[in-house]
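See below for the structure under consideration.
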Amino acid sequence: MTEKANNLKNTLQEIKKEIRRRLKRLRTAHVEVYYHPKQGYFIISGAVQKDSVAWLSIPPVETAAADADAGLLGAKIRKGLHRSKKAGFVDREDVEDFKFWQMTGVKGINSFKSFSKQFQCVNFFKKGKTLEIKAMVRDSYGAYAVPKEEDCRIMLSSSASAEAMGQAVLKLLQPERVPAEK
């Protein structure tokens, strides 16, 4: 390897380290809450993939019954946010086999695409002192996307009570947004 190529390699490594350092400092905590009228809630923590900015779902799965009160739901979400913040960066290989949608017990769910047809999703992002909560919609590819409507978003203080977080989820899970049962 020539000296010029070696210098370029070292420079790129330093840039990569700096990006990682900044991402870690600016990183947000992320939780996804999935809801099905019969199965209840699945609360999934997220972590940033190493060498990327993609979010990955990490175990374990927190669950709550469909009739869970707002306080219990919010407490499990807060626990998930804490787990997300502590996760740091993860290797994709470490969580590649973590397919939380297989734990639902609903027949016919063998992929995330079939899961998203039956489960509603609410995302939580903790960014500094703000908690952004969004009701997601299913797109034609089977993924969840951010809707354009402003009524699908709630902003809270990151120090909001568990009850307030649970109430936000319940508010965003309006009947017209709940997927049809099969």
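The values are calculated or read from the model by the stated rules, or taken from the named source; none is laboratory data. Here the structure is a predicted model, which is why all the values come from computation and not from measurement. A quick note on method: Cβ atoms are made from the backbone with ideal geometry, for glycine too, and the neighbour counts reach across all protein chains shown.
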(request) Can you tell me which residue within the range 116-127, out of those that are in contact (Cβ under 8 Å) with a residue 40 or more places away in the chain and out of contact with any His (no Cβ under 8 Å at 6 or more places or on another chain), is surrounded by the most Cβ atoms within 10 Å (Cβ to Cβ)? (result) VAL122
(request) Confirm whether LEU170 is within 21 Å of GLY71 (Cα to Cα), surrounded by fewer than 18 Cβ atoms within 10 Å (Cβ to Cβ), in contact (Cβ under 8 Å) with a residue 12 or more places away in the chain and of a type in the set (A, V, I, L, M). (result) yes
(message) Can you confirm whether ALA135 is in contact (Cβ under 8 Å) with a residue 60 or more places away in the chain, in contact with a helix residue (DSSP H, G or I) (Cβ under 7 Å, 6 or more places away or on another chain) and crowded, with 17+ Cβ neighbours inside 10 Å?
(response) no
(message) I'd like the residue in the range 138-157 that is modelled with pLDDT of 90 or more and in contact with a helix residue (DSSP H, G or I) (Cβ under 9 Å, 6 or more places away or on another chain) and, out of all such residues, is surrounded by the fewest Cβ atoms within 10 Å (Cβ to Cβ).
(response) SER157
(message) I'd like to check something: does the range 147-165 contain any residue that is in contact with a Phe, Trp or Tyr (Cβ under 9 Å, 6 or more places away or on another chain) and assigned to a helix (DSSP H, G or I)?
(response) yes
(request) Scan the range 60-77 and report the pairs whose first residue is touching a residue at least 24 places away in the same chain (Cβ under 8 Å) and within 24 Å of GLU96 (Cα to Cα) and whose second residue is acidic (Asp, Glu) and surrounded by fewer than 19 Cβ atoms within 10 Å (Cβ to Cβ), with Cβ atoms within less than 6 Å and a gap of 6+ or a chain change. (result) LYS76/GLU62
(request) Residues being touching a strand residue (DSSP E or B) at 6+ places or on another chain (Cβ under 8 Å) and more than 13 Å from ILE133 (Cβ to Cβ): count how many of those fall in the range 69-79. (result) 3
